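Asks: Let me begin by handing over the structure; questions about it come next.
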Amino acid sequence: MRRKHSPILLAIIVLALTSLACQALAGAEPVATQAPQQTESQQPTPTPTEASSQPAVEPATVDSKGAGILCVGSTTGLSCLNENGWQTYTDENSDLPNNYLYAGAVCPDGQLAIAHINGVVLFDGTTFKQIPEMDGSTSPDGIACDADGGVWVAHFQGVSHYSNGQWTTYGSENLAGGESANELVYDVEVTPDGKVWVVTSRSVALFENEAWTIYQEGQGFNGSRFFNAITLDAKERPWVAHSGGLDVFENGTWTAIEKTDYNTPESLAIDSKGQAWLGTLIDGAYMFDGNAWTHYDRPSENLRSNDIASISADSSGRVWFGTSYGLTVFDGANWQTFLMSNSSLHDNDIEFIVVTNDGPALPALEEKAKGSLTGKLEDANNTPMADMRVEICVETIGSSFSGDTPCSDQPFFLSTRTDASGVFLFENVPAGYYVIVAETDTGWAQLTDQYGITSEKTLIQAGEQYDIETLTLEK
């Protein structure tokens, strides 16, 4: 049994309900919930929503390119799937310089470019090659490669280009202006002929022939847009996702494809049929086939999580979704989700996906032994807290929640109560990382990271009996 040998503080964070405030304490005891872990299956297909007034955009299709690999990045390392199965790379078992991985891209030479918290590393499927760190840039959000071996990174306050051993940074003042000026630079793509497209929260910028062209409200776009992601289709046309749908650039003009009834776009990809896939923060994924939108989410039983951080499409017709609870793949008829509890995936909370060619063959799902988690809850005076609810769940919890309890609206959670000594026990816990929250006399508290800002996630490995020891509430 593994134990921690130092006391842990459970920070009290004001976890406010977005609705039904009184029901957080008075609601019925939640029941453990988990979507069925099944083999490849065909789920009910959501009904498309017609988009009768949308402009016609000629689809750009992709032919099969042969076997490839898939890699997914997280804040705990890199998981890759190839003909040999799953491989895990961390800073402990490989030359990966850092486990905090935020963005990835496939380069023209087949290498993968990966942005981590301290810079960029290249990966050829076997070996990691570190690129010198950037000066003065933080928070990498997007990465792309050019045909000359260069790398572009979108980050807070600008975009940086690595070429011939040196970094050149273009500040955000080059990417947006006037009332659209901002420092939030979210994504970057590079066409085979060297055009660089960059997305900020309020603009799209094109770098060509050593000059920047800005598209924003009043300059290429009729109205205000809040952008988040960009991708290229097989015709090298840029597509951008924003708060009102999609825009695609062709022949010097942006064409709008409206979609106003979704929340917070996060990710974007064009599949081999030319269909656009848009991922959101809280509303699952939407697919536009040129005529109609189709919505896929947790209630439709297609996705385990509605938080779609990354989408990637391979040349065999499959679409891959990196969510906050698992890696899901859709082949046009069947959906399958890989989790830490049914595969060798290293982390369920995925930051990005990169896939080459047709991608890998899918391995069979595994049945892993479940574990347990125990601990003790004390107040700030080191008095045991008896008969208090304690929950574990799989997604980071912010300052608010919408269910009866902090975890009850999550893809998977377990709930228990402390005994007279303040001890709690969770049994039959699938392998994974878990957020811990506890009821207090004044509301709910959660175990936070060392900075007290975000949820601390506790790892339960397959079959592990883990004792987290004492959790003490901070004053």
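The values are calculated or read from the model by the stated rules, or taken from the named source; none is laboratory data. None of the values given here were measured: they were computed from a predicted structure. Methodologically, a virtual Cβ is constructed for each residue, glycine included, from the backbone with ideal geometry; neighbour enumeration extends over all protein chains shown. Areas reflect the complete protein model, heavy atoms only, side chains present, ligands, DNA and RNA absent. Shrake-Rupley method; radii C 1.70, N 1.55, O 1.52, S 1.80 Å.
Asks: List the relative contact order of the chain as a percent without decimals, with contacts defined as Cα pairs under 8 Å and 6+ residues apart.
Replies: Relative CO of the chain lands at 19 percent.
Asks: Each residue of segment 300-317 in turn: what ³J(HN,Hα) in whole Hz from Karplus with 6.51, -1.76, 1.60 and θ = phi - 60°, glycine and Pro shown as x?
Replies: The phi angles translate into 7, 6, 8, 10, 7, 9, 8, 9, 9, 6, 8, 10, 9, 10, 9, 7, 8, x Hz.
Asks: Give the value in nm², to one decimal: projected area of the alpha carbon convex hull of segment 425-473, averaged over all directions.
Replies: 4.0 nm²
Asks: Tell me the per residue accessible area of the chain using a 1.4 Å probe; a whole number in Å² is fine.
Replies: In whole numbers, the chain has 43 Å² accessible per residue.
Asks: Plugging the Kirkwood radius over Cα pairs into Stokes-Einstein for segment 350-407, at a temperature of 10 °C and a viscosity of 1.306 mPa s, what D comes out in µm²/s?
Replies: Rounded to a whole number, D works out at 94 µm²/s.
Asks: With the dipole of the chain worked out from charges on the C-beta (+1 for Lys and Arg, -1 for Asp and Glu) around the Cα centre, which of L377, I131, P59 lies farthest toward the positive end?
Replies: L377
Asks: Moving to a separate point now. Determine by what factor the alpha-carbon radius of gyration of segment 56-174 differs from 2.2 N^0.38 Å, reporting the quotient.
Replies: 1.14
Asks: How large is ³J(HN,Hα), in whole Hz, for each residue of segment 378-385 in order, when computed from phi with the Karplus curve 6.51 cos²θ - 1.76 cosθ + 1.60 and θ = phi - 60°, using x for Gly and Pro?
Replies: 10, 7, 5, 9, 6, 8, x, 9
Asks: Quick query: amide H of K259 versus all other amide H atoms, modeled in the peptide plane; which residues come in under 5 Å with a sequence gap of 5 or more or a different chain?
Replies: Hits under the 5 Å cutoff: G245, L246.
Asks: Based on DSSP H runs of at least 4 residues, each adding -39500 (n - 2.57), what is the mean residue ellipticity at 222 nm of the chain after dividing by all its residues, to the nearest 500 deg cm²/dmol?
Replies: 0 deg cm²/dmol
Asks: Using only the Cα atoms, what convex hull volume per residue in Å³ does segment 291-406 have?
Replies: Output value, Cα hull per residue: 170 Å³.
Asks: Hey, another quick one. In whole percent, and with a 1.4 Å probe on the protein chains, what portion of the accessible area of segment 343-403 is carbon and sulfur?
Replies: 41 percent
Asks: Another question, then. Counting Lys and Arg as +1 and Asp and Glu as -1, what is the net charge of the other residues whose Cβ lies under 10 Å from the Cβ of G284?
Replies: Overall, the nearby charge balance is -2.
Asks: Which percent, to the nearest 5, of DSSP beta bridges fully inside the chain are antiparallel?
Replies: 90 percent
Asks: Would you list which lysines come within 18 Å of K195, measuring only between C-alpha atoms, while excluding same-chain residues fewer than 8 positions from it?
Replies: K235
Asks: In addition: Expressed as a rounded percentage, what relative contact order does segment 270-425 have, with Cα pairs under 8 Å and six or more residues apart?
Replies: Averaging sequence separation for qualifying contacts and normalising by length gives 16 percent for segment 270-425.
Asks: Moving on. Show which aspartates and glutamates lie in cross-link reach of K129 when reach means a straight Cα distance below 18 angstrom and same-chain residues fewer than eight apart are skipped.
Replies: Candidates past the 8-residue exclusion: D91, E92, D95, D109, D146, D148.
Asks: Here's something else I'd like to know. Calculate one ³J(HN,Hα) per residue across segment 218-231 by plugging θ = phi - 60° into the Karplus curve 6.51 cos²θ - 1.76 cosθ + 1.60, and present them in order as whole Hz with x for glycine and proline.
Replies: My calculation for segment 218-231 gives x, 9, x, 10, 6, x, 6, 9, 10, 7, 9, 9, 9, 8 Hz in order.
Asks: In addition: Step by step: find N for the chain, compute 2.2 N^0.38 Å, then divide the Cα radius of gyration by it. What's the final number?
Replies: For the chain, the normalised Cα radius of gyration comes out at 1.00.
Asks: Let's see if you can work this out: charge +1 on each Lys and Arg Cβ, -1 on each Asp and Glu Cβ, no other charges. What is the dipole magnitude of the chain about its Cα centre, in debye to the nearest 20?
Replies: Dipole magnitude for the chain comes out near 520 debye.
Asks: Give the range of the longest stretch in the chain that excludes all GluC sites (Glu not before Pro) found in loop regions by DSSP and having at most 10 other beta-carbon atoms within 10 Å.
Replies: In short, 211-366.
Asks: Oh, and also: Run down the lysines and flag those whose C-alpha is under 16 Å from the C-alpha of K457, throwing out any fewer than 8 positions away in its chain.
Replies: K4
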